[in-house]
1. I'd like the Karplus ³J(HN,Hα) series for the range 216-228: coefficients 6.51, -1.76, 1.60, θ = phi - 60°, whole numbers in Hz, and an x wherever there's a Gly or Pro.
2. If you find the alpha carbon centre of the range 68-118 and of the range 151-226, how far apart are they in angstrom?
3. Amide H to amide H, which residues 5 or more places from V198 or on other chains are under 5 Å from it, using H placed in the peptide plane?
4. Multiply the residue gap between R209 and R192 by 0.36 nm, knock off their C-alpha separation, and tell me the result in nm, one decimal place.
5. Compute the relative contact order of the range 88-259 as a whole-number percentage, counting only Cα pairs closer than 8 Å that sit 6 or more residues apart in sequence.
6. Taking 0.36 nm per intervening residue step and subtracting the Cα-Cα distance, what contour gain separates R242 from A258 on full extension?
7. 7 Å from Cα along Cα→Cβ at both D90 and D25: what's the point-to-point distance in nm?
8. What FRET efficiency comes out for the pair M1/E117, r = Cβ-Cβ distance, R0 = 30 Å, nearest 0.05?
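Nothing in this text is a laboratory measurement; each read-out follows from the coordinates by a stated rule. Every value quoted in this text rests on a predicted model; they were computed, and no experiment measured them. We place every Cβ from the backbone using ideal geometry, glycine too, and count neighbours over all the protein chains shown.
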Amino acid sequence: MEISESHNYDVVHGIVDSMWLRARDGADAIRPVIDHIAAATGLTIELEGRYKWIAFLPCKTTGVGALNRYYGLLENGEFKLRGIELRRHDTPPFINAAQEAMLGVLSEATTAAEFHERIPKAVDVLRVVAKRILDNAIPLREFVLTKSTTKALEEYVVLTATVAALKQLKDRAFTVEPGESVRYVVTDMKSRDYAAKVKVAEFLEGSERVDKWEYIRLLCRSGQTLLAPFGYTEERLVGLCRDLSDLSIDHVPEAAIAVAEDYISHGKSRAKGGVGYQKAWRVENLPEGGPAET
């Protein structure tokens with residue numbers, strides 16, 4: 001970090017094996033920085049990529065910079081994603097698709113200013129998906145949630161959706177061990193009846209009605225993941241979904257994005273992420289050549 005700063009770079013974000021640098025005026029080219037660090041430490045240093053922009057996200061529980069929560073657009077047009085729903089396999093497919101479409105809208109930005117201009121359009125993508133939920137336009141299979149269990153059924157004291165699913169499975173003589181997963185659709189999250197609260201995915205008949213506003217909340221939570229640094233909380237996004245009469249688009253644009261694969265060096269996977277060295281939630285508009293991750 002000190003070597004990078006001596007070459008007129010700011011360390012925007014960093015963790016034990018990665019740093020994100022922003023060039024100041026008069027900064028040296030990145031190669032001499034890499035060579036200097038390598039010579040001083042005896043470590044192999046690689047330039048992994050340059051970003052058009054990158055957003056570092058806060059930890060959901062503490063609000064401070066998180067180790068593995070960020071997304072950024074590399075100069076080659078690929079996204080680098082860590083700690084968001086799109087990278088999780090337990091998220092309903094339509095929520096992953098909504099996040100991808102939102103990122104597709106944001107990918108049109110090449111600077112921080114352009115990024116900010118596109119945020120309302122990204123929010124509208126989320127609102128269109130909410131309208132599709134309300135209009136029963138999303139197939140039932142898209143609502144399946146996959147959750148891991150942490151203990152045996154009898155050890156739970158609160159009737160969560162996962163516990164409700166476990167009770168249904170027990171009724172049919174299925175035992176789920178701690179660490180195994182259950183799959184279900186939420187039908188009435190507020191219900192105190194475990195048979196009404198959810199429906200185990202394997203028992204679905206096809207005529208079930210989902211708890212629409214529970215899924216809109218999950219959708220808005222995914223929107224908060226991307227946009228919390230810019231003032232969009234889950235509650236604010238849910239509020240924006242209650243009146244959809246002003247929507248200017250009536251479908252989710254096709255916005256397939258390219259996601260950068262994990263870096264592989266000498267047959268070993270290198271960990272990703274960064275802890276907030278500076279304030280951890282903002283989009284960085286970097287000078288010519290973009291931000292560099294080393």
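1. So the J values, rounded to whole Hz, are 5, 5, 4, 4, 5, 5, 5, x, 4, 3, 7, 10, 3.
2. Their Cα centres are 28 Å away from one another.
3. For V198, the qualifying residues are T187, D188.
4. 4.4 nm
5. 29
6. 2.6 nm
7. 5.0
8. 0.35
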